[in-house]
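In what follows, a structure is listed as structure tokens, so that the remarks can point back to it.
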């Protein structure tokens, strides 16, 4: 006897998620069967909502359900600073630390010669356009301390410095090889305070 | 800034799953946003399919999309043996080992005086009814080697033995405190071979 078809298909769906193997997926699928009808209906609707009603902010590339995201709309933020990050979820980590009050720019990726990701494959053109209005005084490169993160940082530095805008990099308070997403607030604060000109 | 509402709600849904904390749930929610539209639509449909199109077999309590499950319908199975398990997912483990060819009965729980789960709260009445037709010669208690599993085993033994049916218990080839769901095939085979009369 195999799993009923419906269970097998749900196991396949769960296995598409990061870090979920077959046994965990099976456990989750049986758990869904035992959950309340409301919870499962909500779960299905929430999945579709995230996929269909969210998109990228046309200014910074953050995830939003509006045309322009909450942070870009917020007139109290310091518009002279732009923090460049690889993914939208990293914005949440910085926001949670309450230590940064400028704007953001999401690259949606990092330069990676090995994987063939060049400057035209990530969200760099929009960033350069944002620097033209003379308001931005500093670009903080908030990429991970990985080879791709470092390569992206030095590429952006070479590109932006000639325009006369200060380019800084988060200090290596961040453990080398770790993910910004999982850093604690104190580490993020130290990284922000100790940022250096590159 | 908080997560967009849609992301927050999806995080809440993921956190309802066993073993998923807030950070893992957030990682999954952002991952959903980046998945293909087809994959997310399938995921949502598969969730609803499992909840709405599956139910319990009216004979044994296994999960099925029919009135009677595949195993109860299979005329080649040995109808003189019934293996009693706590949950439907445990049937899959025994089936995967290809060592058992009888029928099953799912209790949907175990006796637990501490949590107030008595005999009337689990699927015992139907089991007793199945024993009336004189075909069943042996009931194998396939519950975990936990206090609840042992309590259920001895309760069923006291209930069924007077009827003149042999009641056996899986051997303690199963590691004490472990889950049947995660046992390997060899361990399940040893447990089945070494079952003892109780």
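Any read-out appearing in this document is the output of simple, stated calculations on the displayed coordinates, not a laboratory observation. Here the structure is a predicted model, which means the values were calculated and not measured. Every residue, glycine as well, gets a Cβ built from its backbone with ideal geometry; the counts of neighbours run over all protein chains shown.
Using just the C-alpha positions of the range A:1-86 as equal point scatterers, what log10 of I(q)/I(0) does the Debye formula give at each q in 0.14 1/Å? The calculated log intensity ratios at q = 0.14 Å⁻¹ are -0.70. Take residue B:101, push a point 7 Å out from Cα through the beta-carbon direction, and compare it with the same point in every other copy: 7.7 nm, smallest first. What is the log10 of I(q)/I(0) for the protein assembly as shown, computed with the Debye formula using one identical point scatterer on each Cα and no solvent, at q = 0.10, 0.11 Å⁻¹? Computed log10 I(q)/I(0) values: -0.76, -0.84. For chain B, what does the relative contact order come out to in percent, with C-alpha contacts under 8 Å and a separation of six or more? Normalised by residue count, the contact order of chain B is 16 percent. Rounded to the nearest 500, the 222 nm mean residue ellipticity of chain B from helices alone is -12500 deg cm²/dmol, with -39,500 (n - 2.57) taken per DSSP H run of at least 4 residues.
Beta bridges per DSSP, both residues in the protein assembly as shown: antiparallel share near 30 percent.
The Stokes-Einstein estimate for the range A:103-167, based on a Kirkwood radius over Cα pairs and taken at 37 °C with 0.692 mPa s viscosity, is a diffusion coefficient of 269 µm²/s.
Cα convex hull of the range B:68-198: how many Å³ per residue? Kindly include the intermediate steps, with their values, before the conclusion.
Details: hull volume 13.4 nm³, N = 131.
Taking the convex hull of the Cα positions in the range B:68-198, it is 102 Å³ per residue.
Of A:114, A:103, A:159, the residue with the greatest mean-square motion in the GNM of chain A, using alpha carbon springs below 10 Å, is A:114. The GNM of chain A, with springs linking C-alpha atoms under 10 angstrom apart, assigns the highest mean-square fluctuation among A:177, A:21, A:164 to A:21. For the options B:138, B:181, B:22, a Gaussian network treatment of chain B with springs between C-alpha atoms closer than 10 Å singles out B:22 as fluctuating the most. Placing a label point 7 Å from the Cα of residue A:154 along the Cα-to-Cβ direction, the distances to the matching points in the other copies come to 7.1 nm, shortest first.
Taking every DSSP beta bridge that has both ends in the range A:1-146, the antiparallel portion is near 25%.
For residue A:121 and residue B:66, the FRET efficiency from 1/(1 + (r/R0)^6), where r spans their Cβ atoms and R0 equals 41 Å, is about 0.25.
Stokes-Einstein diffusion of the range A:1-159 at 20 °C, 1.002 mPa s viscosity, Kirkwood radius from Cα pairs, rounded to a whole number: 116 µm²/s. Simple spin-label estimate for residue B:112 and residue A:2 gives 3.3 nm between the two label positions (7 Å along the Cα-to-Cβ direction from each Cα).
Between residue B:76 and residue B:178, take the C-beta separation as r, use R0 = 35 Å, and let me know the FRET efficiency to the nearest 0.05.
Approximately 0.65, to the nearest 0.05.
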